[in-house]
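Chemist: The structure's right below; bear with me while I get my questions together.
The values are calculated or read from the model by the stated rules, or taken from the named source; none is laboratory data. Note that the structure is a prediction, hence the values are computed from the model and not measured. Glycine gets a Cβ as well: all are built from the backbone with ideal geometry, and neighbour counts include every protein chain shown. Surface areas here come from the heavy atoms of the whole protein model, side chains and all, with no ligands, DNA or RNA. Shrake-Rupley method; radii C 1.70, N 1.55, O 1.52, S 1.80 Å.
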Amino acid sequence: MFWIILIGIFFLFIIILNSGNKQTNSKPASTNSFEAEIEVPNPENSNPKNVIEFIDHYDSNVIEPVYNQLISLNKNIPPLIDAAFREKIKNHYLTKEIYLWNLSIENRKIIEDELENYPNKYKFELKGLQENKYVEKLKSNIIYDEVWLYEEPNNEFDKNAIKVENIDGTIGYVPRDETYDLKEILEKEFKAYINKIQRQESYLFAEIIIYYK
């Protein structure tokens with residue numbers, strides 16, 4: 001019995017020793033773990049909207065080393081993207097919509113080429129942007145982002161109302177005096193996009209463009 005107990009203690013000691021060695025030899029977590037965990041969009045060829053969203057999403061203590069690394073790699077950072085990096089690093093905050101509203105997605109020409117089968121165009125000013133709830137949803141958009149138009153017969157203010165939505169929800173309405181013309185277009189095959197967003201002195205201006213057959 002004594003020898004059995006002794007052998008058991010010996011094997012227990014070996015197990016504990018091996019466990020300690022594994023802990024000692026294990027690689028410590030990197031202090032720069034974001035390098036392995038974060039996929040950094042290349043500002044040279046990525047959709048600029050994705051780069052702006054990336055800068056806005058992460059803290060400045062992550063963005064600063066990413067920016068420095070891009071500089072060290074001699075990446076060609078577009079001026080507006082560079083300004084966004086610098087603002088986030090300096091102020092620890094990014095006014096995202098200012099950059100998005102001044103960007104035009106790189107494949108805008110591709111989109112226009114795809115719309116060759118939609119020969120007709122109609123533009124209108126997006127109404128309702130005095131409401132902050134619509135402006136907040138518009139902040140995530142960029143020029144030529146697609147939007148959708150829906151009639152809203154249950155609208156308490158105007159039974160002929162036509163709302164405009166992005167992926168986050170309603171961003172405004174068709175002007176009341178243009179809903180009749182738009183209803184005819186909605187019966188056709190069409191696609192709608194944000195054509196312009198401008199911060200003016202006292203209000204926000206946005207324009208929608210519709211391509212239709």
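Chemist: Among Ile111, Ile142, which is over 16 Å from the mean Cα position of the chain (by Cα) and in contact (Cβ under 8 Å) with a residue 60 or more places away in the chain?
Modeler: Working: Ile142 fails: over 16 Å from the mean Cα position of the chain (by Cα).
From the options Ile111, Ile142, the qualifying one is Ile111.
Chemist: Right, something else. Name the pairs whose Cβ atoms lie under 9 Å apart, with the first residue in segment 157-176 and at positive phi, the second part of a strand (DSSP E or B) and among the small types (Gly, Ala, Ser), and 6 or more positions between them or separate chains?
Modeler: The qualifying pairs are Gly172/Ala206.
Chemist: I would also like to ask the following. Here are the criteria: (1) within 17 Å of Ile208 (Cα to Cα); (2) outside any helix (DSSP H, G or I); (3) open to solvent by 40 Å² or more (accessible area, probe 1.4 Å). Tell me which single one Asn74 does not satisfy.
Modeler: Here Asn74 meets the rest and fails (1).
Chemist: If the Cβ limit is 7 Å and pairs must be 6+ apart or interchain, which residue in segment 197-213 that is more than 12 Å from Ile171 (Cα to Cα) pairs with which residue that is of a type in the set (Ser, Thr, Tyr) and surrounded by 17 or more Cβ atoms within 10 Å (Cβ to Cβ)?
Modeler: Short answer, once both residue conditions are applied: Ile209/Tyr193.
Chemist: Looking at segment 42-66, I want the residues that are more than 17 Å from Trp101 (Cα to Cα) and assigned to a helix (DSSP H, G or I) and have a partner that is of a type in the set (Phe, Trp, Tyr) and modelled with pLDDT under 90 with Cβ atoms under 6 Å, at least 6 apart or on another chain. Which pairs are those?
Modeler: If the second residue must be of a type in the set (Phe, Trp, Tyr) and modelled with pLDDT under 90, the pairs left are Val62/Phe34.
Chemist: Kindly establish whether Tyr212 is among the aromatic types (Phe, Trp, Tyr), within 11 Å of Lys127 (Cβ to Cβ) and open to solvent by 30 Å² or more (accessible area, probe 1.4 Å).
Modeler: no
Chemist: Given Tyr99, Tyr93, which one is of a type in the set (Ser, Thr, Tyr), within 30 Å of Ser202 (Cβ to Cβ) and surrounded by 16 or more Cβ atoms within 10 Å (Cβ to Cβ)?
Modeler: Tyr99
Chemist: Go through segment 187-203 and count every residue that is part of a loop (DSSP other than H, G, I, E, B) and within 25 Å of the chain's Cα centre (by Cα).
Modeler: So the count comes out to 2.
Chemist: Ser104 passes all but one of (1) under 27 Å from Gln200 (Cα atoms); (2) surrounded by fewer than 17 Cβ atoms within 10 Å (Cβ to Cβ); (3) modelled with pLDDT of 85 or more; (4) among the small types (Gly, Ala, Ser); which number fails?
Modeler: Answer for Ser104: the failing condition is (3).
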